[in-house]
């Protein structure tokens with residue numbers, strides 16, 4: 001598919017998913033919004049889940065690019081702060097990308113993606129978190145503890161982002177950036193200082 005046509009279809013799909021959700025949208029509806037026949041789309045996307053996978057894949061590429069573009073300070077504490085904030089701020093500044101990652105969830109079970117595509121997308125997400133995990137190792141944690149802290153960091157970021165995105169954070173009279181900053185301060189405060197070592201800029 002020509003790049004311009006593909007982007008047009010994906011933009012129409014994004015609008016359909018935002019308005020109707022993954023379960024409410026259909027490939028026919030996406031085709032209608034893009035100005036094509038369903039048959040024309042079937043030549044390139046076998047299902048609406050395939051369209052969703054393409055959208056989320058591109059979103060995760062942009063996330064990884066934002067994390068990679070963030071500075072790499074010489075100290076592990078600075079690396080953790082910089083990379084975590086790059087991850088957090090990407091979704092803070094692009095709430096529709098945050099929406100994209102939660103379309104498939106009803107309760108706790110993901111739906112709609114085959115295992116291969118789901119594994120591929122999850123690997124891309126983990127890649128964006130990898131610099132934080134490496135910084136935690138450099139701050140003296142062992143691999144198990146670093147994984148636990150990376151998981152907790154991801155949970156905190158997504159929770160705060162969702163509270164901010166849905167407006168529920170107003171209930172607590174808090175701001176997402178302030179909560180993120182406080183969490184990073186607390187995380188760094190409990191790192192073992194003796195095990196920390198500097199890494200050169202990458």
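The values are calculated or read from the model by the stated rules, or taken from the named source; none is laboratory data. What you see is a predicted model, and the numbers here were worked out from it, not measured in a lab. Quick reminder, even Gly has a Cβ in these numbers, built from the backbone with ideal geometry, and neighbours come from all protein chains shown.
Computed values, structure above
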read-out: Count of residues meeting criterion [in contact (Cβ under 8 Å) with a residue 24 or more places away in the chain and over 22 Å from residue 101 (Cα atoms)] in the range 15-33; value: 0
read-out: Candidates 25, 40, 34, 13, filtered to the one that is more than 15 Å from residue 55 (Cβ to Cβ) and surrounded by 14 or more Cβ atoms within 10 Å (Cβ to Cβ); value: 40
read-out: Any hit, the range 67-88, residues being part of a helix (DSSP H, G or I) and farther than 30 Å from residue 189 by Cβ; value: no
read-out: Search result, residues across the range 132-146 that are assigned to a helix (DSSP H, G or I) and under 15 Å from residue 188 (Cα atoms); value: 132, 133, 134, 135, 136, 137, 138, 145, 146
read-out: Residue 85 being assigned by TED's automatic domain parsing to the domain that holds residue 125, buried (at least 17 other Cβ atoms within 10 Å of the Cβ), within 17 Å of the chain's Cα centre (by Cα) and closer than 26 Å to residue 6 by Cα; value: no
read-out: Qualifying positions in the range 12-25 - part of a helix (DSSP H, G or I) and in contact with a helix residue (DSSP H, G or I) (Cβ under 8 Å, 6 or more places away or on another chain); value: 12, 13, 14, 15, 16, 17, 18, 20, 22
read-out: Out of 32, 28, sole residue that is part of a helix (DSSP H, G or I) and either within 22 Å of residue 121 (Cα to Cα) or out of contact with any helix residue (DSSP H, G or I) (no Cβ under 7 Å at 6 or more places or on another chain) (or both); value: 32
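Each row is one residue, and each column tells you yes or no for (1) surrounded by fewer than 17 Cβ atoms within 10 Å (Cβ to Cβ); (2) farther than 26 Å from residue 95 by Cα.
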position: 114; (1), (2): yes, no
position: 117; (1), (2): no, no
position: 124; (1), (2): yes, no
position: 135; (1), (2): no, yes
position: 141; (1), (2): no, yes
position: 149; (1), (2): no, no
position: 152; (1), (2): yes, no
position: 161; (1), (2): no, no
position: 182; (1), (2): yes, no
